[in-house]
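The structure appears right after this line, and notes come after that.
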Amino acid sequence: MTQTPATGRDPSRVLIFDTTLRDGEQSPGATMTHAEKLEIAELLDDMGVDIIEAGFPIASEGDFKAVSEIARLAKTATICGLARANFKDIDRCWEAVKHAKSPRIHTFIGTSPLHRAIPNLDKDQMAERIHDTVTHARNLCDNVQWSPMDATRTEHDYLCRVVEIAIKAGATTINIPDTVGYTAPQESADLIRMLLEKVPGADQIIFATHCHNDLGMATANSLAAVAGGARQIECTINGLGERAGNTALEEVVMALKVRHDILPWTTGVDTTKIMNISRRVATVSGFPVQFNKAIVGKNAFAHESGIHQDGMLKNRETFEVMRPTDIGLSETNLVMGKHSGRAALRSKLKDLGFELADNQLNDVFVRFKELADRKKEIYDDDLVALVRQNDTVEDHIKLKSLRVVCGTTGPQTADMTLDIDGTEHSVTATGDGPVDASFNAVKQLFSHKARLQLYQVNAVTEGTDAQATVSVRLEEDGRIATGQSADTDTVVASVKAYVNALNRLIVRRSKSAPGEDIKGVSYKDAG
Ligand code: KIV
Ligand code: ZN
């Protein structure tokens, strides 16, 4: 095992750097509201993440505000903001993070041949830029992280040269990003080992690994980098992130915990908080977790085949390498029915990781009773879906009533009434099936040119009375908004999800000009 020496730290401790709110939020359609960002930051802080990358302050007023507020609120985590390699970005970043008890500036530039060509800098000019910007950042903040973007496709001699410059200019963490998810485990370990061996001063700083999952190797590559000497893993909840996503926090943290015998490193994360934050991130980002996702997927602890169930009853370890409770899942799933009271609901929700204010609990309780009238058994997942529906943005549009006619004969029609900014409007629309007819009705009542990018339905539990959760993603002039809803009636859930997405789009319209978004801030603009 290669040790990361010198920094005075416990060499077995790996820092967890969460970038759900920056790299995760950057993935198209995953945009979160201000309140949602604050909530996720608080959950990350509570679960013991070491560093939270809270956003990209120069990207928009919204990002700046979110990073500064998170910096003010954080109790223990270091709060980091991202900045390109120019003074303006770095100054803006510092303005946002400086309120934190422990602030960090993270500045980066693409160093591979392909990335060097973008700002049109030759190797020497880029080296000078790195020296100047890291020095500038270090004059503002004594905790500076520097990243050579696309490090895994950068020539080794040039990588060593620029890492040395960044260290001499004062960087305290050097992050080695596998920006396009290209590396493989052995190479990932060797690269960090090579840098530790060759770069003067490398033993005085912390190396970080930042992997993307394009080839499905992000977790393996991150753990291999730790074996090579990295002591910070950059990751996101549920692996949220552009394209195939980033390294999933829950995967690296649980791998280090469960296989401590061969991966002898520790983190400060309270793993029992994983499930709750995973659910919250899925909800607020609009990116549902795939059923068979490692650790947090709905099926990760489900045992359906007879052989498995038999084995599980005799000894859980037959088919389970960790306990559901390790990640905060309760052992019992079957829960409540129509006679359950408010106190029981509060306590069950607490077990599931939701501590609601009284008024929120009242809302959920009303919906719980409505659901219990329609559905005999209410499962944990039903309750989670009910709580998620509390996540309303300021609603301009509300569904008042819906009646659909569908089947094998006659036209499929939807009679709908929407409340739009306090006034009720009704229409009857037709379409190719009940969902199409209902969506046409919404469009006729609230005219818009948003394009439907995604329509996805999942059953929350088993049985024909199961609730359906629906996700709808809309795109309008480059702005993307995702809405979600759940109901035992799939068409009602679909319309509510559509209306939820429209409400979010209206919020986005008021925040940015067409096409102007965090995604509109170009990494090219390094200068
Ligand atoms: O993937 C990447 O290279 C990044 C950098 C900005 C660190 O996210
Ligand atoms: Zn990244």
Length released on extending from Ala302 to Thr417, taking residue separation times 0.36 nm less the Cα-Cα span: 37.3 nm
I want to check the label-to-label distance for Asn359 and Ala244. Put each point 7 Å from Cα in the C-beta direction and report it in nm to one decimal. 4.6
Ranked highest first by average number of other Cβ atoms within 10 Å, how do 118-128, 92-102 line up? 92-102, 118-128
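Which percent, to the nearest 5, of DSSP beta bridges fully inside the chain are antiparallel?
On the way: 37 of 72 bridges.
DSSP beta bridges in the chain are roughly 50 percent antiparallel.
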Placing +1 on each Lys and Arg Cβ and -1 on each Asp and Glu Cβ in the chain, then taking the dipole about the Cα centre, the residue among Gly353, Gly239, Tyr158 whose Cα reaches farthest towards the positive end is Gly353
At R0 = 56 Å, how high is the FRET efficiency between Asp132 and Ala294 if r is their beta carbon distance? Nearest 0.05 is fine. 0.85
Take the cross-link list Lys369/Lys400; Lys101/Lys198; Lys369/Lys496; Lys273/Lys348; Lys168/Lys273; Lys348/Lys400 and give me the ones stretching past 27 Å between alpha-carbons. Lys101/Lys198; Lys168/Lys273; Lys348/Lys400
Degrees separating the helix 218-228 axis from the principal Cα axis of the chain, which is the longest one: 30
Gain in span if fully extended, Glu320 to Gln204, counting 0.36 nm per residue against the direct Cα distance: 37.7 nm
Arranged from highest to lowest average of other beta-carbon atoms within 10 Å per residue, in what order do the peptides 496-508, 130-142 appear? 496-508, 130-142
List every residue whose amide H lies under 5 Å from the amide H of Cys211, counting only residues 5 or more places away in sequence or on a different chain, with H placed 1.01 Å from N in the peptide plane. Asp178, Glu234, Thr247
Give me the one-decimal nm value for the distance between modelled label points at Lys65 and His448, 7 Å along each residue's Cα-to-Cβ direction. 2.0
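At 1.4 Å probe size, with the rest of the protein present, what percent of the exposed accessible area of the chain is carbon and sulfur atoms?
After summing per-atom areas, the C and S share lands at 50 percent.
Classify region 342-408 from the C-alpha gyration tensor, please: rounded if a/c falls under 1.5, else prolate or oblate depending on whether a/b exceeds b/c.
oblate
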So what is the orientation-averaged projected area of the chain, using the convex hull of its C-alpha atoms, in nm²? 26.0
Between Ser426 and Lys350, what is the label-to-label distance in nm when each label sits 7 Å out along the Cα-to-Cβ direction? 4.6
Based solely on its DSSP helices, what 222 nm [θ] is calculated for the chain when runs of n ≥ 4 H residues each add -39,500 (n - 2.57) and the sum is averaged over all residues, nearest 500 deg cm²/dmol? -12000 deg cm²/dmol
Stretch gain in nm, segment Lys369-Ser340, where the contour uses 0.36 nm per residue and the Cα spacing is subtracted: 9.6 nm
Which value results when the Cα radius of gyration for region 412-506 is divided by 2.2 N^0.38 Å? 1.06
Applying a 10 Å radius around every beta-carbon, put 144-150, 425-431 in order of their mean neighbour count, most first. 144-150, 425-431
Determine the sum of side-chain charges near Gln412: Lys and Arg each +1, Asp and Glu each -1, restricted to other residues whose C-beta is under 14 angstrom from that of Gln412. -2
Efficiency by 1/(1 + (r/R0)^6): what FRET value for Glu197 and Arg9, r their Cβ-Cβ distance, R0 = 22 Å, to the nearest 0.05? 0.70
Expressed as an acute angle from 0 to 90° and rounded to the nearest 10, what is the orientation of the C-alpha long axis of helix 185-198 relative to the principal long axis of the chain? 30
Looking at region 92-203 from every direction and averaging, what is the projected area of its Cα convex hull in nm²? 7.3
To the nearest 10 degrees, the tilt of helix 123-140 (Cα long axis) against the first principal axis of the alpha carbons of the chain is 70
In Å², and per residue, what accessible area does the chain have when probed at 1.4 Å with the other protein chains present? 42
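The values are calculated or read from the model by the stated rules, or taken from the named source; none is laboratory data. This structure is a prediction, so every number in the text was calculated from the model and none was measured. Ideal geometry is used to build each Cβ from the backbone, glycine not excepted, and the neighbour counts take in all protein chains shown. Areas reflect the complete protein model, heavy atoms only, side chains present, ligands, DNA and RNA absent. Shrake-Rupley method; radii C 1.70, N 1.55, O 1.52, S 1.80 Å.
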